[in-house]
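One structure is given below, encoded as structure tokens.
Only the coordinates and a few stated rules stand behind these numbers; no lab work does. These numbers come from a predicted model, not from an experiment. When we count neighbours, we look across all protein chains shown, and the Cβ atoms used for this are built from the backbone with ideal geometry, even at glycine.
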Amino acid sequence: MQRQSRRSEQPPPDPYTPADENPLASDKQLFASLVQEQRVENGKSHAGRNVLIVFGVLLAILFIVIAVASNESKALPLAADIPVLTPGPGTYSGTVNVIISDATPNASIHYTIDGSQPTPNSPIYVAPITVSSSDTWVRAIATADGHEQSAVGEAHYTFSEADMPTAGAVDAVATWTDPTTALMWTTKDNGTDVTWQEAMNYCQNLQLGDQSNWRLPTITELQGIYDSSVNAPDQGSGGRAVPWRVKGNLQLSAWGEWSSTQGNANDQAMVFGFGSGTSFSYRFDGGKKPRALCVRSSIPTAPGN
């Protein structure tokens, strides 16, 4: 019997695989392709996250800007309106009564007439300011709760030489000197309701011609010009049938005049009524406020005193 030689059997070639293809190289290419695809995906993911981060930063900046603007608007209140002086600056004949007004609700007006700049410590405006000296600057500011101090409102007043009032003429028209006491009185009170402090300020800052050093009288001085035999008409209501019994034909406009005398309590001062001739203690800021009638000494003060 003839012996047949054995050969190792080889599998037939895969008809779908090229004969020269290296399986290991194919796996590397596939791996490289997958890595590249992952890198692309990672790049897209990073780009998306970067966009979100940038958007978040911009949004945070926007919120910060809005918050800062809101805080600044709260920290910087609007200034009060500039006071308005009427009449305006110019050259006038005779004296001028300057009225100061301000559009800011509940504003306090502080003014000067000596050429200086007004401050919150300057006198408070309570009644028209009489200007009779040429080359006078009236300046005013307004202050109010919740507002910054206003800018300065001002007016310059001059008088023509022919119409400049003399000191004697001003005295004759605007003042009366009591021959008994030699005290000089204004011929009329301030004409409006005022608190006690406002009355004090009004008299202390009053300027009539070259006459200054006015003050609020004591209760004794007010009593000294009461005259029960006089029937001066009430100037505050068109001459009604309630006369004021006061010397010097002084023009009074209210039921009572403030004095500088302390009242029965720390927040009160004495008031004198020229209708009844009585004195009484009244709160500094009482509801129905008295008026201010000013007085000064008519005797010149010696130099150095």
Original post:
Distance in nm between label sites at residue 148 and residue 101, each 7 Å beyond Cα in the beta-carbon direction?
Top reply: 2.6
Subject >> Theoretical gain in end-to-end length, residue 137 to residue 160 [0.36 nm per residue, Cα-Cα removed] >> reply: 6.7 nm
Original post:
What does the charge add up to near residue 140, with Lys and Arg as +1, Asp and Glu as -1, over the other residues with Cβ less than 15 Å from its Cβ?
Top reply: -3
